[in-house]
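Undergrad: Pasting a structure below so you can have a look.
The values are calculated or read from the model by the stated rules, or taken from the named source; none is laboratory data. Source: prediction; values computed, not measured. Virtual Cβ from ideal backbone geometry, glycine too; neighbours counted across all protein chains shown. Accessible surface is based on the protein model in full, side chains and every heavy atom, while ligands, DNA and RNA are left aside. Shrake-Rupley method; radii C 1.70, N 1.55, O 1.52, S 1.80 Å.
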Amino acid sequence: MKTVQQLTNDNKDKLHEFEQLLAYEFADIALLQRALVHSSYGFEKINTGENNETLEFLGDAVLDLAVSDMLFKTYPRVTEGELTKMRAGLVKEITLAEMAMNLSLGNFLMLGRGEETSQGRQKNSILASAFEAIIGAIYLDRGYDSAYLFVSTQFTALLPAKKEEILIEDAKSRLQEKLQEQFNQAPMYHVDKEEGPAHARKFTMSVRFGDMVLGIGSGSSKKVAEQRAAETALDIIDTWWEKLKKRVQQH
């Protein structure tokens with residue numbers, strides 16, 4: 001049985017290797033070691049049973065704050081509801097696990113025998129938890145600004161796609177809710193045009209309700225074109241609302 005400090009001394013070379021992947025140098029590298037100790041290893045090999053669970057708890061809170069901070073600064077005009085959806089999409093387990101994989105975090109984890117034999121290094125839950133623990137360790141090591149810098153480095157590239165995804169879901173869901181509330185029917189989306197080379201396709205989609213075209217939109221993917229068609233429909237909803245009611249009544 002060893003202490004975390006003894007484990008840190010034994011693994012210094014490997015921990016420094018991982019620091020290079022993180023692009024962060026710890027003032028207290030024992031914090032990094034602790035962040036990499038899964039509870040199964042702590043129970044089997046560390047005399048105090050110490051592991052990364054409390055660092056994960058702290059890192060989860062710091063991550064939520066840092067991502068909220070990023071979103072608030074990047075999208076000052078986006079609504080609270082949309083910001084909440086974006087944050088939820090960014091900090092979910094699968095996203096954190098993918099980031100951990102990109103950092104080869106699984107190679108540095110300390111696992112007990114059971115988790116080692118059951119492919120624990122590839123488990124999303126273990127990888128995501130360890131990623132949060134590392135954020136907690138950075139926060140304790142040098143404070144919020146350092147933790148924020150690490151989080152922003154990892155997440156900034158994901159923001160535009162996540163915003164587009166949320167807006168797609170939001171415009172389409174709002175249109176569907178309005179139509180189902182009034183008529184108990186959902187709109188249909190139709191590909192009107194597909195053009196351009198394979199690497200730069202452009203899609204034009206229409207959103208329809210019965211024989212009425214409610215809106216048209218274009219984009220680099222069908223999802224984006226659908227969202228823009230739904231946005232167009234929502235923008236002019238008052239124009240076609242009464243006409244739509246009459247059409248439905250006639251049928």
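Undergrad: Residues that are at pLDDT 95 or above and under 23 Å from residue 56 (Cα atoms), at least 1 per element: which helices (runs of 4 or more DSSP H) completely within the stretch 97-214 meet that?
TA: Values: elements: 113-117, 124-142, 144-155, 159-183.
Helices (runs of 4 or more DSSP H) meeting the threshold: 124-142, 144-155.
Undergrad: Same structure, new question: Just to check your reading of the model, which residue among 209, 183, 155, 150 is aromatic (Phe, Trp, Tyr) and free of Cβ contacts under 8 Å to residues at least 40 places away in the same chain? Show your work before the answer.
TA: Working: 183 fails: free of Cβ contacts under 8 Å to residues at least 40 places away in the same chain; 155 fails: free of Cβ contacts under 8 Å to residues at least 40 places away in the same chain; 150 fails: free of Cβ contacts under 8 Å to residues at least 40 places away in the same chain.
From the options 209, 183, 155, 150, the qualifying one is 209.
Undergrad: Okay, moving on. Out of curiosity, is residue 157 under 30 Å from residue 36 (Cα atoms) and either of a type in the set (Ser, Thr, Tyr) or open to solvent by 30 Å² or more (accessible area, probe 1.4 Å) (or both)?
TA: Working: under 30 Å from residue 36 (Cα atoms): yes; either of a type in the set (Ser, Thr, Tyr) or open to solvent by 30 Å² or more (accessible area, probe 1.4 Å) (or both): yes.
Here the answer is yes, as residue 157 does meet what is asked.
Undergrad: Follow-up question, since we're still on this one. From the list 21, 31, 55, pick out the single residue that is open to solvent by 40 Å² or more (accessible area, probe 1.4 Å), in a helix (DSSP H, G or I) and out of contact with any Phe, Trp or Tyr (no Cβ under 8 Å at 6 or more places or on another chain).
TA: Details: 31 fails: open to solvent by 40 Å² or more (accessible area, probe 1.4 Å); 55 fails: open to solvent by 40 Å² or more (accessible area, probe 1.4 Å).
None of the others qualify; the one that does is 21.
Undergrad: Mind listing whichever residues of the stretch 81-91 are farther than 25 Å from residue 145 by Cβ and either among the basic types (Lys, Arg) or open to solvent by 80 Å² or more (accessible area, probe 1.4 Å) (or both)?
TA: Within the stretch 81-91, just 85 meets the criteria.
Undergrad: Then there's this: Just checking, which of 14, 2, 73 is farther than 16 Å from residue 134 by Cα, of a type in the set (D, E, K, R) and open to solvent by 90 Å² or more (accessible area, probe 1.4 Å)?
TA: 73
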